[in-house]
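Contents: one structure, followed by commentary.
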Amino acid sequence: MRKPMTDSLTAPTTDALLGVYRRPPMELVRGAGVELFDAEGKAYLDFVAGIAVNALGYGDAGLERTMREAMEGGLVHVSNLYRSQPGELLAEKLVERTFADRVFFCNSGAEANEGAFKMARRWARAAGGTPKHEIVALRGSFHGRLFGTLAASDRPQYRAPFRPLAGGISIVERDLDELDAVLRRETVAAVIAEPVQGEGGVRVLEQAFLQSLRDMTRERGILLILDEIQCGYGRTGTFLAHEQAGIEPDLLTVAKPMAGGLPMGAILATEAVAEAMQPGDHGTTFGGGPFVAAVALHVLDRLSDATLLDHVRKNGAWLEKTLGLMVEGTSRARAVRGVGYIWGVDVVDPAKDVVERALDAGLLICSAGEHTVRLLPPLVMVRSDLERGVGILAQAIG
């Protein structure tokens, strides 16, 4: 058994941290497989995975070996003023594996989306002049909490304290007729969409909707940005969620599981968009450094493996059936939505109350709205653990 990295916390809370999170009182000190353990030794089955970050669970031997090997050369960071091999190899593998021609590395999903907005406007200025600048997001979207991404996130409680928000960004309904009218405006540069809206209630955009949106944007000279920060990298049962719709975007953002828990994000772009960006147009201090990129190379190989993706698809189908039967069998839940290893269950009680009851029973889940609980197990979780977690969830829902 591994020892905690630090001594146990002596107080239930601290005033030293900015108070922007409501944390439960227990202290997590170690992880093994798909479980986390607190300072009292209590085990928690993890259906959160660091909010879709820890796709390989905890204590993964391959991930730990890769981290040790990445440290052997002594290069944790060298800055993007100089070349280093891991980042370049990672970019080449992503280009080989996806629609993209170019890759830009950053440190988080919000940064990736902010960068994608900049790329879209830079491309649009060349394509349509100064008036072509607007970014259109969809109802139910969440793209981050920075100023540009906050304006594109349909969460009123996050937006209200920080008005006025960034201009030139609007939110429209998930409706093709309304989009058809909005996208006739010559000011629109890009549309951003999540194939699965995670924070917005785990709403899966239908394949036909995504296909029509792709056709509509291409016909009108508008970029399509797909945000797969939460739903990409194997979580839906294909390496990227949009593959299931048979489309290709102009820009794609990924982040959460990219580097096994280390901070990393990326923007993937076509050549047509990338060539509009000039030296000095964008940058980052830490993005794509040799240590984090070396780890991300290992994660990319693992999460694009056909056997793992088949495992996620099969267990995702089992979750769809099992969660559906659970909802049918209780008056305390109303609906279930999802695909692969990302699911939302609409509940009658406040979601925070269900989350708390599950925590007490040894299951970690999170919310996706006031009355939706969200399930994001590590992608390596096996059927028996999924069964155990669904059983605890049913008890927590009541």
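Observations on the structure shown:
- Looking across ARG174, ARG235, one residue alone is in a loop (DSSP other than H, G, I, E, B), free of Cβ contacts under 8 Å to residues at least 40 places away in the same chain, basic (Lys, Arg) and buried (at least 18 other Cβ atoms within 10 Å of the Cβ). It is ARG174.
- Residue under evaluation ALA124, criteria (1) crowded, with 24+ Cβ neighbours inside 10 Å; (2) closer than 25 Å to GLU243 by Cβ, criterion not met: (2)
- Among the conditions (1) touching a residue at least 40 places away in the same chain (Cβ under 8 Å); (2) at positive phi; (3) in a loop (DSSP other than H, G, I, E, B); (4) not charged (D, E, K, R), the only one that GLY74 does not satisfy is (1).
- Only one of the listed residues (GLY148, GLY144, GLY167) is in a loop (DSSP other than H, G, I, E, B), of a type in the set (Gly, Ala, Ser), within 19 Å of PHE117 (Cα to Cα) and in contact (Cβ under 8 Å) with a residue 24 or more places away in the chain. That residue is GLY144.
- Selected residue [farther than 30 Å from GLY280 by Cβ, of a type outside the set (Phe, Trp, Tyr) and part of a strand (DSSP E or B)] from ARG23, ARG30: ARG30
- Some residue of the stretch 346-363 being under 18 Å from the mean Cα position of the chain (by Cα) and within 18 Å of GLN230 (Cβ to Cβ): no
- Annotation note: Cβ proximity below 8 Å between a residue of the stretch 265-277 that is in contact (Cβ under 8 Å) with a residue 60 or more places away in the chain and a residue that is of a type in the set (S, T, N, Q) and buried (at least 24 other Cβ atoms within 10 Å of the Cβ) (sequence gap 6+ or interchain) occurs for GLY265/THR253; ALA266/THR253; ILE267/THR253; LEU268/THR253.
- Answer residue from the stretch 318-354, given it is touching a residue at least 24 places away in the same chain (Cβ under 8 Å), β-branched (Val, Ile, Thr) and in a helix (DSSP H, G or I) and is farthest from ILE397 (Cα to Cα) among those: THR322
- For the stretch 54-68, the count of residues that are within 20 Å of the chain's Cα centre (by Cα), buried (at least 17 other Cβ atoms within 10 Å of the Cβ), more than 27 Å from LEU36 (Cβ to Cβ) and at pLDDT 95 or above is zero.
The values are calculated or read from the model by the stated rules, or taken from the named source; none is laboratory data. Everything quoted here is computed from the prediction, not taken from an experiment. Counting neighbours? That spans all protein chains shown, and the Cβs are built from the backbone with ideal geometry, glycine included.
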